[in-house]
Amino acid sequence: MQTIWLGGAEWLAVLRVGLGLWWLESWRHKDKKGWFERGTGIAWAADVAGKHRWAAVRTGFQRVVAPRPKVMAYVVVYAELALGLGLVAGFLTPVALVGGLLLNLLYLVLMIHDWAEQGQNAMMALISIVALFAMSWQVWSLDEAIGLFR
């Protein structure tokens, strides 16, 4: 593959690291005190899910998230941190890419009415798919350094 400056594998690593930085920014800008102590994040999601046009989203939220809001707040916030760190460092990269893709798809379904959120989640999901199937952990990653996923 002919490219300017970097080779194809390096550009895929840039894409992977960029996605990781996007996840880290998502984690960084969250009001963690609000999420953990006041439950603002899950309360907001409950409001969105409660008004959702798809009954499956309302039901799923009531069965999975609503009974354990504090646990789910920690899961969401620390999943974003773990995804970001995993992708930037290139550690367990395929796991991080699949996990991020699933989280983006959940966000995409929950926020079906919000076009700004849709664009962000759709782009992050697309990058995850490209980075996964192009094996973006082949360079500049801990996975490559220790011989995982060859």
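The values are calculated or read from the model by the stated rules, or taken from the named source; none is laboratory data. Because the structure is predicted, anything quoted here is derived from the model rather than measured. Quick reminder, even Gly has a Cβ in these numbers, built from the backbone with ideal geometry, and neighbours come from all protein chains shown. Surface accessibility is based on the protein's heavy atoms, side chains included, excluding ligands, DNA and RNA. Shrake-Rupley method; radii C 1.70, N 1.55, O 1.52, S 1.80 Å.
Tell me whether the stretch 81-95 contains one or more residues that are out of contact with any Asp or Glu (no Cβ under 9 Å at 6 or more places or on another chain), modelled with pLDDT of 95 or more and over 26 Å from A9 (Cβ atoms). Checked against the condition, which is being out of contact with any Asp or Glu (no Cβ under 9 Å at 6 or more places or on another chain), modelled with pLDDT of 95 or more and over 26 Å from A9 (Cβ atoms), the stretch 81-95 yields at least one hit. For first residues located in the stretch 1-14 and in contact (Cβ under 8 Å) with a residue 24 or more places away in the chain, partners that are open to solvent by 40 Å² or more (accessible area, probe 1.4 Å) and among the aromatic types (F, W, Y) and lie 6+ apart or on another chain with Cβ distances below 6 Å form the pairs A13/W140. For the stretch 40-52: of the residues being free of Cβ contacts under 8 Å to residues at least 60 places away in the same chain and not β-branched (V, I, T), which is nearest to V76 (Cα to Cα)? My answer is G41. Pairs linking a residue in the stretch 16-35 that is farther than 17 Å from A89 by Cα to a residue that is open to solvent by 40 Å² or more (accessible area, probe 1.4 Å) and assigned to a helix (DSSP H, G or I), with Cβ atoms under 7 Å and 6 or more positions apart or on different chains, are D31/T40; G34/T40. Might you check whether a residue that is over 16 Å from V14 (Cβ atoms) and open to solvent by less than 20 Å² (accessible area, probe 1.4 Å) occurs anywhere in the stretch 127-134? Scanning the stretch 127-134, I find no residue that is over 16 Å from V14 (Cβ atoms) and open to solvent by less than 20 Å² (accessible area, probe 1.4 Å), so the answer is no. Within the stretch 67-84, no residue satisfies the criterion of being more than 21 Å from V98 (Cα to Cα), of a type outside the set (D, E, K, R), surrounded by 12 or more Cβ atoms within 10 Å (Cβ to Cβ) and free of Cβ contacts under 8 Å to residues at least 24 places away in the same chain.
I'd like to know if the stretch 33-50 contains one or more residues that are in contact with a His (Cβ under 9 Å, 6 or more places away or on another chain) and surrounded by fewer than 19 Cβ atoms within 10 Å (Cβ to Cβ). Yes, some residue in the stretch 33-50 is in contact with a His (Cβ under 9 Å, 6 or more places away or on another chain) and surrounded by fewer than 19 Cβ atoms within 10 Å (Cβ to Cβ). Of all residues being closer than 13 Å to M135 by Cβ and among the hydrophobic types (A, V, I, L, M, F, W, C) in the stretch 12-26, which is most open to solvent (accessible area, probe 1.4 Å)? Just the residue, please. Going through the qualifying residues, I end up with L15. Taken as a whole, the condition of being among the β-branched types (V, I, T) and over 19 Å from the mean Cα position of the chain (by Cα) applies to T40.
Any residue in the stretch 128-148 that's without any contact (Cβ under 8 Å) to a residue 12 or more places away in the chain: show its pairings with residues that are among the hydrophobic types (A, V, I, L, M, F, W, C) at Cβ separation under 9 Å, as long as the two are six or more apart or on different chains. Listed by first residue and then by second, the contacts come to I146/F91.
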